[in-house]
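Everything on this sheet refers to the single structure shown next.
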Ligand SMILES: [Zn+2]
């Protein structure tokens with residue numbers, strides 16, 4: 001393995017944070033548009049509901065967040081780096097390029113076709 005699980009987890013968590021931060025910003029902006037100026041919109045923005053944040057993410061962002069969560073889950077249960085379809089080890093280079101991968105190259109290509 002090129003990377004330790006600790007490094008992988010840190011990278012995934014960082015990416016998750018960035019996605020969440022981006023989504024929170026979008027959600028706060030959306031709310032500001034709907035909320036008249038001068039009201040307590042700043043307070044409102046700070047207590048954004050989780051589903052509002054998710055709504056603010058585009059489909060790609062949501063998909064990515066779900067895959068990052070799934071990868072973190074697999075680190076926890078020890079199945080990280082193993083293809084979800086065929087059970088073979090996923091190539092370390094593939095994991096380094098895309099830490100949230102949960103299929104080997106072959107299975108991913110099979111799915112994409
Ligand atoms: Zn596979």
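Descriptive notes on the structure:
- Pairs, first free of Cβ contacts under 8 Å to residues at least 60 places away in the same chain in the stretch 97-113, second part of a helix (DSSP H, G or I), C-beta under 7 Å, six or more apart: 101/94; 101/95; 102/70; 102/71; 102/74; 103/111; 105/94
- Per the conditions (1) farther than 27 Å from residue 6 by Cβ; (2) surrounded by 15 or more Cβ atoms within 10 Å (Cβ to Cβ); (3) within 16 Å of the ligand (Cβ to nearest atom), the sole criterion not satisfied by residue 52 is (3).
- Taken together, the residues in the stretch 49-92 that are touching a residue at least 60 places away in the same chain (Cβ under 8 Å) and more than 20 Å from residue 112 (Cα to Cα) amount to 4.
- Selection within the stretch 55-113 - over 28 Å from residue 25 (Cβ atoms), more than 16 Å from the ligand (Cβ to nearest atom) and at pLDDT 90 or above: 76, 77, 78
The values are calculated or read from the model by the stated rules, or taken from the named source; none is laboratory data. Nothing here was measured: the structure is a model prediction, and the numbers come from that model. Counting neighbours? That spans all protein chains shown, and the Cβs are built from the backbone with ideal geometry, glycine included.
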